[in-house]
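Structure first, then comments.
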Amino acid sequence: MTVMASKFSLAVYPWVYLAQYDDSGSWNGDYHEQEHRTPKEEAAMSAAEHEQLLVRRNWIDGLPLVNYTTQYGYGCFEGLKAFPQPDGGLRIFRPEENAKRMHRSMKGLRMPAIPEDMFVDGVVGSVARNAALGFAPPYDPAWETDNFLTADSVYIRPFSYSEAGIGLNIPKHPYVVVVTTPVGSYFDPDSASKAVTTDKVRATPGGTGWIKCDANYVLPTMVKYEVMAQGYMEAIFLDAREQTYIEEGSSSNIFFLLANGTLVTPSLSDTILPGITRTSVMQLAADRGVPVEERRISIDEVMSDAVEAFVTGTAAGLSYLESITHKGTEKVLRNREIGELTRDMLVELKGIQYGAVEDRHGWMTDVPKL
Ligand SMILES: *Cc1c(COP(=O)(O)O)cnc(C)c1O
């Protein structure tokens with residue numbers, strides 16, 4: 001087999017988990033060891049050679065090319081992270097919550113859904129197998145000096161993938177694949193963190209905005225790149241019917257600290273993705289006695305009353321917004337600096353994830369050493 005070289009290959013780790021719903025109505029999962037050398041040998045390879053290896057590794061023979069996922073975006077996915085710990089181990093943030101959401105997404109798409117315990121096993125097992133080969137970022141004590149704002153982690157991407165087919169159909173024998181890849185921090189203290197509202201619509205009532213399905217990401221991706229070209233970091237989506245109430249960022253939930261000290265995030269509906277970072281941040285804020293409200297919040301209220309704002313998600317973590325622009329008016333928050341509450345929440349969340357702050361809610365799952 002020859003695969004075409006790509007300049008954009010992903011540094012997927014060697015062990016991949018692959019499960020499928022079979023004819024007898026049960027899920028069968030297995031780990032696949034893709035081509036690799038030792039991490040040290042791979043680091044010593046020429047760029048072109050390594051590129052070829054990564055291209056081959058991001059390819060599993062046997063998965064169908066033409067199917068309901070590749071043709072119509074009929075599928076769903078998850079995103080979660082494993083964090084290096086001071087003791088040399090790795091811990092994963094709330095994988096059982098991602099398992100529940102994956103189950104909900106697959107059910108929501110009317111597909112057979114992977115059992116939650118199997119999902120967690122596949123996630124933990126993939127990270128453990130890769131770490132045993134040395135494929136995991138080592139813990140670096142230097143991260144402690146900036147409260148882990150620039151720390152590395154393992155990004156875990158589970159996703160559904162349909163069996164072969166070309167008509168409009170719902171997958172009856174879906175696969176669930178789990179791949180892992182190293183990621184640095186998204187946090188760049190020097191980058192612009194301006195947000196702007198958009199009149200494009202991410203999710204419509206009665207639609208699929210409440211599940212993490214592939215089809216939801218086309219429009220937000222287009223909008224995010226449009227606003228980035230204008231110097232913004234994030235687009236803020238408003239409700240489809242009235243273009244009045246705040247919904248989300250392009251792939252993140254959103255919070256506002258109001259002048260009266262209340263932290264507000266839009267209440268869940270069928271147009272908002274229930275983020276796990278969102279629930280966790282609400283918990284951490286409540287723990288410190290900050291009043292937290294989940295409710296409808298209009299853009300007008302934000303433009304008049306917000307003093308801090310941030311977006312949350314596994315990939316972005318918790319990113320503050322220095323300003324919000326709506327209909328040509330820019331509202332600057334906290335002099336464009338990260339606000340005190342936002343910073344405290346960020347530091348506490350990262351601290352729990354990297355083992356510097358006690359995991360008092362039992363959010364972290366140990367990855368066993370194999
Ligand atoms: C994944 C996602 C989020 C964040 O969810 P987390 O569980 O916190 O990672 C928020 N909004 C959308 C649209 C998403 O796809």
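Here is the figure for the stretch 352-370: residues that are closer than 19 Å to Pro95 by Cβ and of a type in the set (Gly, Ala, Ser) total 2. Once the stretch 104-132 is narrowed to residues that are free of Cβ contacts under 8 Å to residues at least 24 places away in the same chain and either crowded, with 17+ Cβ neighbours inside 10 Å or of a type in the set (Val, Ile, Thr) (or both), the residue that is farthest from Asp214 (Cα to Cα) is Glu116.
When the stretch 183-214 is limited to residues that are modelled with pLDDT under 95 and within 16 Å of the chain's Cα centre (by Cα), the one that is farthest from the ligand (Cβ to nearest atom) turns out to be Gly184. Within the stretch 248-269, restricting attention to residues that are within 25 Å of Lys212 (Cα to Cα) and open to solvent by 60 Å² or more (accessible area, probe 1.4 Å), the residue that is farthest from the ligand (Cβ to nearest atom) is Leu268.
Here the stretch 297-319 is the region considered, the condition is being more than 16 Å from the ligand (Cβ to nearest atom) and assigned to a strand (DSSP E or B), and the residue that is nearest to Ser280 (Cα to Cα) is Glu308.
Out of all the residues in the stretch 231-251, which are out of contact with any strand residue (DSSP E or B) (no Cβ under 7 Å at 6 or more places or on another chain) and of a type outside the set (D, E, K, R)? So that I can check it myself, show each step before the final result.
Step one: list which residues in the stretch 231-251 are out of contact with any strand residue (DSSP E or B) (no Cβ under 7 Å at 6 or more places or on another chain), which gives 240-243.
Result: Ala240, Gln243.
Can you go through Val281, Val223, Val290, Val218 and tell me which one is within 16 Å of the ligand (Cβ to nearest atom), β-branched (Val, Ile, Thr) and open to solvent by 10 Å² or more (accessible area, probe 1.4 Å)?
Values: Val281 fails: open to solvent by 10 Å² or more (accessible area, probe 1.4 Å); Val223 fails: open to solvent by 10 Å² or more (accessible area, probe 1.4 Å); Val290 fails: within 16 Å of the ligand (Cβ to nearest atom).
Result: Val218 is the single residue among Val281, Val223, Val290, Val218 that is within 16 Å of the ligand (Cβ to nearest atom), β-branched (Val, Ile, Thr) and open to solvent by 10 Å² or more (accessible area, probe 1.4 Å).
Pull up the stretch 56-98, narrow it to residues that are more than 12 Å from the ligand (Cβ to nearest atom) and of a type in the set (A, V, I, L, M), then point me to the one that is nearest to Ser160 (Cα to Cα).
Looking only at the stretch 56-98, we keep the residues that are more than 12 Å from the ligand (Cβ to nearest atom), and these are 56-75, 82-92, 96.
Within this subset, residues satisfying the condition of being of a type in the set (A, V, I, L, M) are 60, 63, 65-66, 82, 90, 92.
On the way: Ile60: 14, Leu63: 12, Leu65: 14, Val66: 14, Ala82: 20, Leu90: 25, Ile92: 21 Å.
Across the stretch 56-98, the extreme among qualifying residues is Leu63.
How about the stretch 336-364: which of its residues are in a helix (DSSP H, G or I) and either in contact with a Ser or Thr (Cβ under 8 Å, 6 or more places away or on another chain) or open to solvent by 10 Å² or more (accessible area, probe 1.4 Å) (or both)? Break it down stepwise before answering.
Of the stretch 336-364, the ones in a helix (DSSP H, G or I) are 336, 340-353.
Once the filter is applied, which keeps residues that are in a helix (DSSP H, G or I) and either in contact with a Ser or Thr (Cβ under 8 Å, 6 or more places away or on another chain) or open to solvent by 10 Å² or more (accessible area, probe 1.4 Å) (or both), the stretch 336-364 yields Arg336, Glu340, Leu341, Arg343, Asp344, Val347, Glu348, Leu349, Lys350, Gln353.
The values are calculated or read from the model by the stated rules, or taken from the named source; none is laboratory data. The model shown is predicted, which means the values in this text are computed figures rather than measured ones. Counting neighbours? That spans all protein chains shown, and the Cβs are built from the backbone with ideal geometry, glycine included. SASA here: full protein model, heavy atoms, side chains in, ligands and nucleic acids out. Shrake-Rupley method; radii C 1.70, N 1.55, O 1.52, S 1.80 Å.
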